[in-house]
Amino acid sequence: MDEKRKLIDSDAEITIREQCILLGLNVSSYYYKASPISAEDEQLMALLDEHYLQYPCEGKIKRAQWLSQEVGYPVGKRRIKRLMEVMGLETVYPKPNTSVPNKEHTVYPYLLRDIDITKPDQVWAADITYVRMKGGHVYLLAIMDWYSRYVVQWAVW
């Protein structure tokens, strides 16, 4: 829309209204000026930003409850949604169909198909998984010995 607004010439022979029609732009959007963010909204955005850094998995309802109950700042979920959009923040959550493979993805051969695993430390396997927790989520990485099923190393972050 900003590109279309820049194309409009106020000194042209045709009117601004006609230029807007030719560009497929509403005349009101040409004249629109965004209102500045209020001081109250700036305070609220600072609180939301601080809370988002600690709890990125909480949605707008949980944030509204936190603001009204713990901070004493009653605010609705729609206002929180609007301010989070202004700030460019999105709630972190697993997206649907995470196990559905992409059709363009290359299928790699299974390299252990014809190998007899007869002793420890012959083959190791690594896996990473997403673990949901009350305050958010963590990732768990485990490296296992394929023969003994012994966890050689693990990490959480």
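Give the number of residues within the range 1-43 that are farther than 30 Å from Ile80 by Cβ and either assigned to a helix (DSSP H, G or I) or of a type outside the set (S, T, N, Q) (or both).
Qualifying residue count for the region: 22.
In the range 127-157, which residues are at pLDDT below 90, charged (D, E, K, R) and surrounded by fewer than 10 Cβ atoms within 10 Å (Cβ to Cβ)?
Lys134
Scan Leu53, Leu47 and give me the residue that is more than 28 Å from Lys6 (Cβ to Cβ) and exposed (fewer than 13 other Cβ atoms within 10 Å of the Cβ).
The unique qualifying residue is Leu53.
Within the range 52-99, work out how many residues are under 21 Å from Ser38 (Cα atoms) and out of contact with any Phe, Trp or Tyr (no Cβ under 6 Å at 6 or more places or on another chain). If you could, list the steps in order and put the result at the bottom.
Taking the range 52-99 and keeping what is under 21 Å from Ser38 (Cα atoms), we get 52, 60, 63-64, 67-68, 71-89.
Keeping just the survivors that are out of contact with any Phe, Trp or Tyr (no Cβ under 6 Å at 6 or more places or on another chain) gives 52, 60, 63-64, 68, 71-88.
Residues in the range 52-99 being under 21 Å from Ser38 (Cα atoms) and out of contact with any Phe, Trp or Tyr (no Cβ under 6 Å at 6 or more places or on another chain): 23 in total.
With (1) touching a residue at least 24 places away in the same chain (Cβ under 8 Å); (2) assigned by TED's automatic domain parsing to the domain that holds Leu48; (3) aliphatic (A, V, I, L, M) as the list, and Leu67 as the residue in question, which single condition is left unmet?
Every listed condition holds for Leu67 apart from (1).
Would you pick out the residues in the range 28-44 that are touching a residue at least 12 places away in the same chain (Cβ under 8 Å) and either of a type outside the set (Gly, Ala, Ser) or loosely packed, with under 11 Cβ neighbours inside 10 Å (or both)?
Tyr30, Ile37, Asp41, Leu44
Of all the residues that make up the range 87-129, how many are of a type outside the set (A, V, I, L, M) and not in a loop (DSSP other than H, G, I, E, B)? So that I can check it myself, show each step before the final result.
Going residue by residue through the range 87-129, those that are of a type outside the set (A, V, I, L, M) are 88, 90-91, 93-99, 101-106, 108-110, 113-114, 116, 118-122, 124, 127, 129.
Narrowing further to those that are not in a loop (DSSP other than H, G, I, E, B): 124, 127, 129.
Selection size over the range 87-129: 3.
For the structure I just gave you, tell me whether Thr118 is loosely packed, with under 12 Cβ neighbours inside 10 Å, among the hydroxyl-bearing types (Ser, Thr, Tyr) and without any contact (Cβ under 8 Å) to a residue 12 or more places away in the chain.
For Thr118, the condition - loosely packed, with under 12 Cβ neighbours inside 10 Å, among the hydroxyl-bearing types (Ser, Thr, Tyr) and without any contact (Cβ under 8 Å) to a residue 12 or more places away in the chain - is not met.
Which of (1) over 29 Å from Tyr139 (Cα atoms); (2) more than 25 Å from the chain's Cα centre (by Cα); (3) among the aliphatic types (A, V, I, L, M) does Val107 not meet, given it meets every other one?
Every listed condition holds for Val107 apart from (1).
Return the only residue of Lys77, Lys103, Lys81, Lys62 being loosely packed, with under 10 Cβ neighbours inside 10 Å and basic (Lys, Arg).
Within the list Lys77, Lys103, Lys81, Lys62, the selection yields Lys103.
The values are calculated or read from the model by the stated rules, or taken from the named source; none is laboratory data. Keep in mind the model is a prediction, meaning the values are calculated, not measured. Don't worry about glycine lacking a Cβ; one is built from the backbone with ideal geometry, like all the others, and counts go over all protein chains shown.
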